[in-house]
Amino acid sequence: MKRSEPQQNTQVRNVFFVSDRTGLTAETYGKSLLAQFPDLEFVTVTLAFVDTTEKALQAREQINEVSLKSSLKPVVFSTLVDDNEQYIIESSQACVINLFHTFVGPLENCFEMESAHRQGLSRTVFGDEGYLRRLDAIDYSLTHDDGLLPDQYQEADVILVGVSRCGKTPTSLYLAMNFSLKVSNYPLTGEDLEAETLPAFLLEQQHKLVGLTIKAVPLSRIRHKRRPDSDYASLQVCQHELEKARALFEKSAVPIFDTTNTSIEEIAGQVVKTLGVGRERSGMV
């Protein structure tokens, strides 16, 4: 189960993403819809692999418990295929949006035939090759995180570069999971920042480089959580590092993206568009 928490102690709307697979599709569609309500705040919970009646009942119980504790009815985005399991979720004390049936019904009318209505078919339809490519990309991105194995950067599709704690790792994994891209990420060290150019092993892959930056104040806050009251987290050090990093990026004509008020989804989309590295997304829900 994955959970995201609000930034402030304000009244929030609880949101559940319910899926009989990993929940990525429910999350992607659901969060895209929630983004149209920027004045509201949400706590989200992902309930993945709800693929039996028992698990559906457990999910309903969890949703109802949250509903009882809140004055606002929870919202549920569901991609469940099984009618019985979906009915159980729809009987919960929540506003349930069935993302699967919303689209399957019109497609059945368009194709003039009934759907197979079975779990896990997306992987079969889109092929095991895409599924395996996605797993390979995730494995590569995990093993090349935080500057590891720079001698293998020639295998990467994208190389994210930036100062410490500017959002490189989550962006790397999002690109791997959603676009099947092999992504390395490299944190600029103090020595790198004081140099006149980026390290040679990065410049050799210049066409794959993406510079990530962030505003100094939020970076300082993030670093304070990791190392309270340290020079590493001081506003002055953060400002200095960010200025040096930007100068290096501009000198090497590296595209720069600011992660301060931009979601990972948006950053990833901009990276794919700028570098022209988009691939078919994996079909697994």
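Figures for the structure shown
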read-out	value
Set 31/55; 168/244; 182/215; 168/208 screened for pairs whose C-alpha atoms are more than 20 Å apart	31/55; 182/215
Whole-percent carbon and sulfur share, accessible surface of the chain, 1.4 Å	52
Estimated inter-spin distance, residue 205 and residue 73, nm [label 7 Å along Cα→Cβ]	5.0
Contour excess over end-to-end distance, with Cα ends at residue 142 and residue 115 and 0.36 nm allotted per residue	6.0 nm
Rule-of-thumb Rg ratio for the stretch 187-277 [Cα; 2.2 N^0.38 Å; N residues]	1.14
Estimated FRET transfer efficiency when R0 is 35 angstrom, pair residue 247-residue 11 (beta carbons, to 0.05)	0.20
Value at 222 nm in deg cm²/dmol, rounded to 500, when DSSP H runs of n ≥ 4 in the chain each add -39,500 (n - 2.57)	-14000 deg cm²/dmol
Accessible surface, the chain, averaged per residue in Å² (probe 1.4 Å)	55
FRET efficiency estimate (nearest 0.05) - Cβ-Cβ, residue 155 to residue 49, R0 45 angstrom	0.90
In sequence order, calculated HN-Hα J values of the stretch 244-250 (Karplus, 6.51, -1.76, 1.60; Hz; x Gly/Pro)	5, 5, 4, 4, 5, 4, 5
3J(HN,Hα) from dihedral phi, the stretch 70-79, Karplus parametrisation 6.51/-1.76/1.60, rounded to Hz, x for glycine, proline	10, 7, 10, 5, x, 10, 10, 9, 10, 10
Solvent-accessible surface (1.4 angstrom probe) belonging to residue 113, in square angstrom, nearest 10	120
Extended-chain gain in nm, criterion 0.36 nm per residue less alpha-carbon gap, residue 232 and residue 274	12.0 nm
Probe 1.4 Å, all protein chains present, accessible-area order of 85, 108, largest first	108, 85
Rounded tilt (10° steps) of 128-143 against the dominant C-alpha axis of the chain	40
Virtual spin-label span in nm between residue 42 and residue 265, 7 Å along Cα→Cβ	0.7
Note, ³J(HN,Hα) from phi for the stretch 254-261, Karplus 6.51, -1.76, 1.60, rounded to Hz, x at Gly and Pro	8, x, 10, 10, 8, 8, 4, 10
(1) 151; (2) 121; (3) 200, with the label sought being that of the calculated volume of the Cα convex hull per residue in Å³	(1)
Folded to 0 to 90 degrees: helix 264-275 orientation relative to the chain principal axis, Cα	60
Environment charge of residue 232, counting only residues whose C-beta is closer than 14 Å and scoring Lys/Arg +1, Asp/Glu -1	+3
Sites residue 22 and residue 107 - FRET efficiency at Förster radius 25 Å, r taken between beta-carbons, to 0.05	0.65
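The values are calculated or read from the model by the stated rules, or taken from the named source; none is laboratory data. Remember, it's a predicted structure, so these values are computed and weren't measured experimentally. Virtual Cβ from ideal backbone geometry, glycine too; neighbours counted across all protein chains shown. Keep in mind that these areas ignore ligands, DNA and RNA; they rest on the heavy atoms of the full protein, side chains included. Shrake-Rupley method; radii C 1.70, N 1.55, O 1.52, S 1.80 Å.
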